[in-house]
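Report on one structure; see the data block that follows.
The values are calculated or read from the model by the stated rules, or taken from the named source; none is laboratory data. All values derive from a computational prediction rather than experimental measurement. All Cβ positions, even for glycine, are placed from backbone atoms using ideal geometry, and neighbour counts span all protein chains on display. The protein model used for the area step is the full one, side chains on, heavy atoms only, and it has no ligands, DNA or RNA in it. Shrake-Rupley method; radii C 1.70, N 1.55, O 1.52, S 1.80 Å.
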Amino acid sequence: MTTISTNRNERASGPPLPAPLQSEPDRNCPLCPRLADFRAQIRGREPDWFNSPVPPFGDAGGSLLIVGLAPGLKGANRTGRPFTGDYAGDLLYATLLEYGFAKGTYQAQPDDGLALVDCRIGNAVHCVPPQNKPLPAEINTCRQFLIATIKTMPRLRAIVALGRIAHESTLKALGLRAVAAPFAHGAVHQAGTLRLYDTYHCSRYNTNTRVLTPEMFRGVFAKVRADLG
Ligand code: SF4
C-alpha cells in the first residue's frame, strides 16, 4: 500500500480539499464548449435522452465513493443514472450487489428500484465526451464538481477509482499530486484516513481484451468490503 503524504491541515476524514465553486452543474453547463456542443447535437438527435450533466447516484452519507470517467453515450447520458444502460454498468452493479454495496435488482433503467448501500457513484467528468475521451482541460474544469461530490460525503472512508483518469483526477480533487500515488490495477493508497483503490475501468473494451476480468474487478471490491467491514 502507498501512503501518501498529505502534509498540512488534514481534515478528520482525509486531506484538505480545494474549495468547489458550486455543488452540481447546471443542466446547460457551458464550461466545456466542446462538450456543450456535443450535448446540443445529441439533444437534437435524441430528444428523449437525458443529455445533461449526470449527477452522482447513491448515498451521500456513505463510506464508499466510486469515481468513473464520464457518462457513456447510450448509458448514463441516455438514462441519467451513472453506469446505467451500458455494458460497464452490468459488471459494476453485479459486483456492487455481490459485495453488499447495492440492493434490489439491476435492470439497466433508472426506475429499476436498485439502491446503493453505504455507497455513491460519480464521474470525473459529468458530460458525455465524443468517443468516450474527455480532453485534459475538460477533466480539469469538471473537477470542481468531483470536489463537491467528495465534500458532501462526511463519512467517506474509501474511494474506488475506475481507471487512470479517474484516479488522477481524484488525487487532484483531494489536493494531492499524481506522482505520489501512481495508478496500478489493485493498488491501494492511503491518504490520511481515506483509502483510494485503483482498478482498470470496467468498460466493454477492457473486459473483451481481458485487460480486466470480472474476477480482477471483484477482487478490488472484495478488498474494499474487507476493509470497510
Ligand atoms: S463536463 Fe462538467 S464542467 Fe464541463 S460542461 Fe459538463 S458539467 Fe460543465
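Helical content of the chain, expressed as a calculated mean residue ellipticity at 222 nm, amounts to -10000 deg cm²/dmol (DSSP H runs of 4 or more residues, -39,500 (n - 2.57) each, divided by residue number, nearest 500). Could you tell me the distance between the Cα centroids of region 148-197 and region 124-143, to the nearest Å? Spelled out, the Cα-based centre of one part sits 18 Å from the other. Dividing the mean sequence gap of close Cα pairs (under 8 Å, 6+ apart) by how many residues region 138-193 holds gives a relative contact order of 34 percent. Distance between the pseudo-spin-label points of MET1 and ASP48 (7 Å out from Cα toward the beta carbon): 4.9 nm. Remark: the ALA178-GLN107 segment gains 21.9 nm on full extension, using 0.36 nm per residue and subtracting the alpha carbon distance. Estimated from the Cβ-Cβ distance and a Förster radius of 41 angstrom, the FRET efficiency linking ALA115 and ALA137 is about 0.70.
Using unit Cβ charges (K, R positive; D, E negative) and no other charged atoms, how large, in debye to the nearest 20, is the dipole of the chain about its Cα centre?
420 debye
Dipole of the chain computed with +1 at Lys/Arg Cβ and -1 at Asp/Glu Cβ about the Cα centre; of ALA115, ALA94, GLN131, farthest Cα towards the positive end is GLN131. For the chain, the square roots of the Cα gyration tensor eigenvalues, ordered a ≥ b ≥ c, give a/c of at least 1.5 with a/b no greater than b/c, which places it in the oblate category. In the chain, the portion of solvent-accessible area held by carbon and sulfur atoms comes to 52 percent [1.4 Å probe, whole percent, DNA, RNA and ligands not counted].
Grab the Cα-Cα distance for GLU98 and ARG210, subtract it from 0.36 nm times how many residues apart they are, and report the gain in nm with one decimal.
Length difference between fully extended and current span is 38.2 nm.
What percent does the relative contact order of the chain come to when contacts are Cα pairs within less than 8 Å and at least six residues apart? The value is 27 percent.
Rounded, prolate or oblate, given the Cα gyration tensor of region 73-147, with a/c below 1.5 counting as rounded? Please list the in-between numbers first.
Numbers: a/c = 2.46, a/b = 1.69, b/c = 1.45.
Taking the square roots of the gyration eigenvalues as a ≥ b ≥ c, region 73-147 is prolate.
Under the rule a/c < 1.5 gives rounded, and otherwise a/b versus b/c splits prolate from oblate, where does region 144-229 land using the Cα gyration tensor? Taking the square roots of the gyration eigenvalues as a ≥ b ≥ c, region 144-229 is prolate.
The charge dipole of region 115-195, taken about its Cα centre with unit charges on the Cβ atoms of Lys, Arg (+1), Asp and Glu (-1) only, comes to about 160 debye. Heavy atoms of the protein chains alone define the surface here; on that basis the chain has 44 Å² accessible area per residue at 1.4 Å probe size. In the chain, the DSSP beta bridges split such that about 35 percent are antiparallel, to the nearest 5. Taking all Cα pairs closer than 8 Å and separated by 6 or more residues, the relative contact order of region 47-167 comes to 38 percent.
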